[in-house]
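The values are calculated or read from the model by the stated rules, or taken from the named source; none is laboratory data. Everything numeric in this text was worked out from a predicted model, so none of it was measured. In this analysis, Cβ positions are derived from the backbone assuming ideal geometry, glycine residues included, and neighbour counts consider all displayed protein chains. These area figures cover heavy atoms from the full protein model, side chains too; ligands, DNA and RNA do not enter into them. Shrake-Rupley method; radii C 1.70, N 1.55, O 1.52, S 1.80 Å.
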Amino acid sequence: MPINNVNTLDKLQLDGKRVIMRVDFNVPLQNGKITDDTRIKAALPTIEYILARARQLVLASHLGRPDGVVSDLSLEPVAAHLSELLQQNVSLLNDYHHNSVFKLATQMPEEKLIVLENLRFYKEEKSNDRDFAGNLANGFDIYVGEAFGTLHRAHASVVGAPQFFSPSQRGVGFLVAGELLALEKITAAAKPPFLLIIGGAKVRDKITVILNLLKHCHQVLVGGSMAYAFLQHAGYEVSKSRVDVQSEHVEAIIRTAAERKVEIILPSDHVAAQQLAADATPIHVDSPSLPVDSIGLDIGSKTSAQYSRIIAKARTIFWNAPLGKFEWDSYAQGTRVVATAIAANRDAYRVVGGGDSLAALKKFNIDGFDHISTGGGAALQYLAGEPMAGLKALKG
Ligand code: AMP
């Protein structure tokens, strides 16, 4: 079934074809070594699916933010690692800037899998230069978009290149399809009751997302430093807790929630500290207000028990960002209890998004979510209801 009117792999005629695929191999490197290969491994099912059918597959990705050619940001270690994972030869293609990528690839007929050197070595990638995009596309039979994290960026490999293909010649890989399906299931197709759980520290980035999700959800559980903005607005004392959002934004959320009859639930107790330090003595505060000179760092046990009861009744759950400073053990219980409760509710469709929530799941060794969104800013843009340029370019 096409998702968002975009072709999935099964809709593309791949047999014997030459395929160019935009992937996200933006992996962390230290002294030329890949320190986390999650993104490479995540793309393997799509790569293997295409390799089993196509004649040749060329992978294109960016890595870091180079200004011109920076040898430390070469995709060479990625190509070598991919070769190890797949147990097959993988070639790195350099200097494709002024040469036809297709011609260079066809001059390597023995090479079934080729990785293009870092797209962002060339400024034309970010400026969505038409010639640069055409050079990535011309000659190839099929374009596959498999870099969800860049789908909101109007770059040549994301937006320009797919437009050189007819709608039947372009589509998305398993990763992007999975991400789109999950995001659709928590927006347009959410089963009620839909519960939004929101925490974290960077509140400002999430205002438009919350406002848009209020169109779809029925209840919101608030934790993290986000909670202190709402508590302060409600007239409670938040003392030295982090509040990183203007009250007009909080007001807009409260107003929209009221209009849509969405209930916003705030913590009724906290774990606080006198200093912002991992070894600060945790103070259990049994009220929504915080004592003088304290910093709220986690939801309290009463709140996490209440949140767990609400979670058990939901049928769709989207959780973004930790409910406390979970990296410090004394302030981790809220995030752990809530994540455990979400994992335990097998009747709900459960999606978690945001890098820090994923780190929390890893730390507490919790799995059982239906989808773990790795889309970052792109997923947030989708959830904010803003069109994604790369998705538009891919539509069939
Ligand atoms: P975000 O980047 O917005 O997803 O926020 C994630 C970060 O928020 C994590 O590193 C948490 O430790 C942090 N965080 C959660 N709750 C609090 C809090 N009450 N005060 C300060 N930081 C928090």
Cross-link reach list, lysines versus residue 206, counting only Cα pairs under 16 Å and skipping chain neighbours closer than eight places | 215
Residue-by-residue Karplus 3J(HN,Hα) for segment 124-129, coefficients 6.51, -1.76, 1.60, Hz, glycine and proline x = 5, 5, 6, 7, 6, 5
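Return the percentage of antiparallel bridges among DSSP beta bridges fully within the chain, rounded to the nearest 5 %.
Given both bridge residues lie in the chain, the antiparallel proportion sits at roughly 20 percent.
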Based on the alpha carbon coordinates of segment 220-271, what radius of gyration and maximum Cα-Cα distance (Dmax) apply, in Å?
-> 10.8, 32
Once every DSSP H run of n ≥ 4 in the chain is given -39500 (n - 2.57) and the sum is divided by its residues, what mean residue ellipticity at 222 nm do you get, rounded to the nearest 500 deg cm²/dmol?
-> -9500 deg cm²/dmol
Calculate the translational D of segment 149-205 in whole µm² s⁻¹ from Stokes-Einstein, where the hydrodynamic radius comes from the Kirkwood formula applied to all Cα pairs, the temperature is 37 °C and the viscosity 0.692 mPa s.
-> 228 µm²/s
Semi-axes, largest first, in whole Å: what does sqrt of 5 times each Cα gyration tensor eigenvalue give for segment 257-396?
-> 30, 17, 16
Could you grab the relative contact order for the chain? Cα pairs under 8 Å, six or more apart, rounded to a whole percent.
-> 16 percent
A correct Karplus calculation of ³J(HN,Hα) over segment 268-279, with 6.51 cos²θ - 1.76 cosθ + 1.60, θ = phi - 60°, whole Hz and x for Gly and Pro, returns 9, 8, 9, 10, 10, 8, 8, 10, 7, 8, 4, 9
Unit charges at the beta carbon, dipole of the chain: most positive-side option, 5, 182, 147 = 5
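What order do 106, 340, 46 take when sorted by accessible area (1.4 Å probe), most exposed first?
The most accessible residue leads, giving 340, 106, 46.
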Using only the Cα atoms of segment 83-184, what do you get for the radius of gyration and for Dmax, in Å?
-> 14.2, 42
Under 1.5 on a/c is rounded, so check that first for segment 226-321, then, if it is not, pick prolate when a/b is larger than b/c and oblate when it is not; a ≥ b ≥ c are the square roots of the alpha carbon gyration tensor eigenvalues.
-> oblate
Counting Lys and Arg as +1 and Asp and Glu as -1, what is the net charge of the other residues whose Cβ lies under 12 Å from the Cβ of residue 321?
-> +1
For segment 215-372, averaging the sequence separation of alpha carbon pairs under 8 Å that lie six or more residues apart and dividing by its residue count, the contact order in percent is 21 percent
With every protein chain in place, the accessible area of residue 218 for a 1.4 Å probe, in Å² rounded to the nearest 10, comes to 80 Å²
What are the extents of the Cα atoms of segment 159-317 along their three principal axes, listed from largest to smallest and rounded to whole Å?
-> 64, 32, 29
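What does the charge dipole of the chain about its Cα centre add up to, to the nearest 20 debye, if the Cβ of each Lys and Arg holds +1 and the Cβ of each Asp and Glu holds -1?
Magnitude of the dipole: close to 1040 debye.
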Highest GNM mean-square fluctuation, the chain, Cα pairs closer than 10 Å: which of 110, 237, 179?
-> 110
Set 240/325; 302/325; 191/395, cut-off 21 Å on Cα-Cα distance; pairs above it are 191/395
Measuring with a 1.4 Å probe in the full set of protein chains, what accessible area per residue, in whole Å², belongs to the chain?
-> 44 Å²
Provide the convex hull volume over Cα atoms per residue for the chain, in Å³.
-> 144 Å³
Quick one: order 24, 298 from most to least accessible surface, probe 1.4 Å.
-> 24, 298
Could you please state how large a percent of the accessible area of the chain is carbon and sulfur, counting protein chains only and using a 1.4 Å probe?
-> 48 percent
Give the shape of segment 1-131 as rounded, prolate or oblate, defined through the alpha-carbon gyration tensor: a ≥ b ≥ c are the square roots of its eigenvalues, a/c under 1.5 means rounded, and otherwise the shape is prolate if a/b is larger than b/c and oblate if not.
-> rounded
Using a Gaussian network model of the chain whose springs link C-alpha atoms within less than 10 Å, name the residue from 108, 21, 226 with the highest mean-square fluctuation.
-> 108
Long-range amide H partners of residue 118, meaning residues 5 or more apart or on another chain whose placed amide H is closer than 5 Å, are 75
Which ³J(HN,Hα) values, rounded to whole Hz and listed in residue order, are derived for segment 148-153 from phi using the Karplus coefficients 6.51, -1.76 and 1.60 in 6.51 cos²θ - 1.76 cosθ + 1.60 with θ = phi - 60°, glycine and proline given as x?
-> 4, x, 10, 4, 8, 9
Lys pairs under 22 Å by Cα in segment 25-158, provided they are eight or more residues apart or on distinct chains | 4
Cβ-defined net charge surrounding residue 370, 10 Å radius [Lys, Arg +1; Asp, Glu -1] = +3
